[in-house]
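Visitor: Take this structure, written in structure tokens, and hold onto it; I'll ask about it next.
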Amino acid sequence: LILFAFSLLSLLLRQIKKQQQDVLGFLEANKIEFEEKDIAANEENRKWMRENVPEDSRPASGNPLPPRLFNDSRYLGDYEAFFEARENNAVYAFLGLTAPPGSKVGVYISRSKP
């Protein structure tokens with residue numbers, strides 16, 4: 001049973017790492033300035049992230065997991081919201097930034113949760 005729980009945790013950690021790499025890789029490739037906040041090594045960062053994720057964006061149980069995106073203190077969304085914005089060519093709008101000339105720009109529309 002312990003080994004099974006470890007396997008689930010390991011799978012979850014791999015998924016989080018892949019999502020983080022996806023977000024960071026996109027930001028770096030598009031030369032979008034950002035500051036990475038490590039919640040594993042810094043308790044203050046972890047506490048700040050958890051306190052600043054809006055109630056309606058929190059999981060039903062447990063704490064919000066990374067990656068979570070903020071523009072200063074304004075919560076933008078989680079990986080799924082980022083991925084949807086990227087698929088719709090609306091990342092700059094999602095991030096609250098002006099798209100550079102020549103980039104594809106869309107309008108990001110958030111969906112209400114059922």
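Visitor: With a 1.4 Å probe and every protein chain left in place, work out the accessible area per residue of the stretch 2-76 in Å², rounded to a whole number.
Guide: 77 Å²
Visitor: Additional query: May I ask you to list the trypsin sites (Lys or Arg not before Pro) in the stretch 1-83 that are in a DSSP loop and have at most 11 other Cβ atoms within 10 Å of their Cβ?
Guide: Here the sparse-neighbourhood loop sites are K31.
Visitor: Can I ask one more? In terms of solvent-accessible area of protein heavy atoms at a 1.4 angstrom probe, what is the ranking of D56, D78, D72, highest value first?
Guide: D72, D56, D78
Visitor: Continuing with the same structure: Using heavy-atom solvent-accessible surface (probe 1.4 Å) with all chains present, what is the largest-first order of F94, F26?
Guide: The ordering from most to least exposed comes out as F26, F94.
Visitor: Summing Lys, Arg as +1 and Asp, Glu as -1, what charge do residues with Cβ under 12 Å from the Cβ of F94 carry, F94 excluded?
Guide: Taking every Cβ under 12 Å from that of F94, the sum is -2.
Visitor: Net charge within 12 Å of Y75 by Cβ-Cβ distance, Lys/Arg positive one each and Asp/Glu negative one each, not counting Y75 itself?
Guide: After counting each charged neighbour, the total is -1.
Visitor: Multiply the residue separation of D56 and N88 by 0.36 nm, subtract the distance between their alpha-carbon atoms, and state the gained length in nm to one decimal.
Guide: On the way: separation 32, 0.36 × 32 = 11.52 nm, distance 2.30 nm.
Contour length minus Cα-Cα distance gives 9.2 nm.
Visitor: For the stretch 2-76, rounded, prolate or oblate, judged on the Cα gyration tensor with a ≥ b ≥ c (square roots of eigenvalues), a/c < 1.5 rounded, else prolate if a/b > b/c? Numbers along the way, then the final one.
Guide: Numbers: a/c = 2.01, a/b = 1.28, b/c = 1.56.
The shape class here is oblate.
The values are calculated or read from the model by the stated rules, or taken from the named source; none is laboratory data. What you see is a predicted model; the values in this text were computed from it and never measured. Cβ atoms come from the backbone with ideal geometry, glycine included; neighbour counts cover every protein chain shown. The protein model used for the area step is the full one, side chains on, heavy atoms only, and it has no ligands, DNA or RNA in it. Shrake-Rupley method; radii C 1.70, N 1.55, O 1.52, S 1.80 Å.
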